Amino acid sequence: MEELREIAEPLLAWYDGHARKLPWRDNPEPYRVWVSEIMLQQTRVEAVKPYFERFLKELPTIRHLAEVPEERLMKLWEGLGYYNRVRNMQKAACRIVEEYQGEMPADFDRIRELPGIGSYTAGAIASFAFGIPKPAVDGNVLRVLSRVTKSYEDIMKQAVRRKMEERVEAVIPCDRAGDFNQSLIELGAIVCVPNGAPKCGECPLKMLCRAHAEGVEEELPKKTPPKSRRIEDRTVLVLLSDNRAALRKRPGKGLLAGLYELPNLEGHLEREEVLAYVRELGLSPVRIQELPRAKHVFSHIEWHMEGYAVKVEEPEGDPKSMFFVEKEEMERRYSIPAAFAAYTEYFRHRF
Ligand code: ADE
């Protein structure tokens with residue numbers, strides 16, 4: 001790919017003048033790069049900033065991450081979703097403490113072997129933090145490169161990604177590996193944007209870009225559409241007793257593993273069916289109210305939810321598989337996945 005040889009110089013000159021000031025860029029320690037990149041895999045830059053600051057304030061080193069109790073960790077991640085990613089981060093942190101005295105190894109292959117770290121994240125840590133000339137090819141970079149080289153290959157294919165990584169690796173300037181990777185990512189994020197017209201007028205690569213030369217930039221990159229999601233109907237219950245509401249812990253495996261949730265059942269239940277279920281739990285319902293429908297989209301599943309608020313008499317003990325928690329404690333201590341956000345607001349409800 002001859003044309004890629006020429007991108008480094010204009011890209012770096014552009015980056016020097018146009019890069020956004022971001023908290024993890026000012027001080028690219030390996031741990032900060034790692035945390036920011038995992039957060040950025042799932043959330044926009046602006047939304048990540050406050051999470052990033054809060055996370056680093058409470059867990060300022062890899063050792064702190066290795067040692068924090070799981071429930072506190074989930075609470076710090078609340079709202080970001082994809083909780084397995086932070087669980088994997090903790091596993092990796094434990095390995096770094098055991099094997100590398102708590103310091104991220106300055107070696108691409110060793111970083112890549114850690115749980116939850118793929119070739120993109122390993123390349124980002126290795127290059128931004130240590131200046132190691134390894135590529136960091138994410139969706140932004142794949143879009144830029146598909147356009148610059150006018151490649152119609154499907155960027156969802158592993159083999160296509162690997163080939164792009166090899167091409168990038170061959171042209172990384174050894175003295176500015178991190179800045180070069182970041183400049184490609186930044187260009188994809190703010191100029192060579194997806195969904196709608198890229199800002200080719202502002203692009204430092206417009207003279208080199210083969211897609212732009214032929215006016216086909218909006219056709220690229222090519223992606224196979226993702227598989228359609230499975231739809232699940234669920235009925236969510238807000239069980240209220242005085243100042244307390246019922247929570248349940250999810251199983252240790254599968255969707256939202258090990259997190260707390262509002263009690264919920266498969267299917268869309270009628271009022272009478274809900275009341276029967278509540279009585280089966282050994283609770284005495286006093287009132288029931290239908291709540292608005294809500295939808296939550298996970299990566300492979302969509303929940304189509306109906307909800308009911310049910311006021312129950314003060315229970316003697318906790319019913320099986322769930323427990324009642326004071327509402328203030330709920331907010332302070334328990335992380336409840338965003339999937340339930342439409343219903344947790346009814347904790348404050350009196351009816
Ligand atoms: N998106 C993913 N990683 C990024 C980074 N390092 N800078 C800006 N946007 C990003």
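Derivation of every value follows stated rules applied to the coordinates shown; laboratory data play no part. All of these numbers come straight from a predicted model, not from anything done at the bench. As a convention, Cβ positions derive from the backbone with ideal geometry for all residues, glycine included, and neighbour counts pool all protein chains shown.
Look through the stretch 200-220, keep the residues that are assigned to a loop (DSSP other than H, G, I, E, B) and under 17 Å from VAL141 (Cβ atoms), and return whichever of them is nearest to the chain's Cα centre (by Cα).
From the stretch 200-220, those assigned to a loop (DSSP other than H, G, I, E, B) are 203-209, 214-216, 220; that's our starting set.
Checking the rest, the ones that are also under 17 Å from VAL141 (Cβ atoms) come to 203-205, 208-209, 220.
Values: CYS203: 28, PRO204: 30, LEU205: 30, LEU208: 33, CYS209: 31, LEU220: 25 Å.
Per the criteria, the residue is LEU220.
Check off (1) more than 30 Å from ALA342 (Cβ to Cβ); (2) surrounded by 14 or more Cβ atoms within 10 Å (Cβ to Cβ) for GLU232 and give me the number that stays unchecked.
Result: GLU232 passes all but (1).
Check off (1) assigned to a helix (DSSP H, G or I); (2) within 30 Å of GLY307 (Cβ to Cβ) for LEU142 and give me the number that stays unchecked.
LEU142 satisfies all of (1) assigned to a helix (DSSP H, G or I); (2) within 30 Å of GLY307 (Cβ to Cβ) except (2).
Looking at HIS304, HIS268, which is the one that is surrounded by fewer than 18 Cβ atoms within 10 Å (Cβ to Cβ), touching a strand residue (DSSP E or B) at 6+ places or on another chain (Cβ under 7 Å) and assigned to a loop (DSSP other than H, G, I, E, B)?
Working: HIS304 fails: assigned to a loop (DSSP other than H, G, I, E, B).
On inspection, the qualifying residue turns out to be HIS268.
One line per residue, one yes/no per condition, for (1) within 16 Å of the ligand (Cβ to nearest atom); (2) within 20 Å of the chain's Cα centre (by Cα); (3) closer than 25 Å to GLU165 by Cβ:
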{"residue": "PRO23", "(1), (2), (3)": "yes, yes, no"}
{"residue": "PRO30", "(1), (2), (3)": "yes, yes, yes"}
{"residue": "GLU46", "(1), (2), (3)": "yes, yes, no"}
{"residue": "LEU56", "(1), (2), (3)": "yes, yes, no"}
{"residue": "LEU65", "(1), (2), (3)": "no, yes, no"}
{"residue": "VAL97", "(1), (2), (3)": "no, no, no"}
{"residue": "ASP107", "(1), (2), (3)": "no, no, yes"}
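May I ask you to say which residue of GLU202, GLU186, GLU218 is within 16 Å of the ligand (Cβ to nearest atom), within 30 Å of TYR15 (Cα to Cα) and of a type in the set (Asp, Glu)? Step through it out loud before you land on a result.
Values: GLU202 fails: within 16 Å of the ligand (Cβ to nearest atom); GLU218 fails: within 16 Å of the ligand (Cβ to nearest atom).
Within the list GLU202, GLU186, GLU218, the selection yields GLU186.
What number of residues within the stretch 204-217 satisfy the criterion of being without any contact (Cβ under 8 Å) to a residue 24 or more places away in the chain and surrounded by 13 or more Cβ atoms within 10 Å (Cβ to Cβ)?
1
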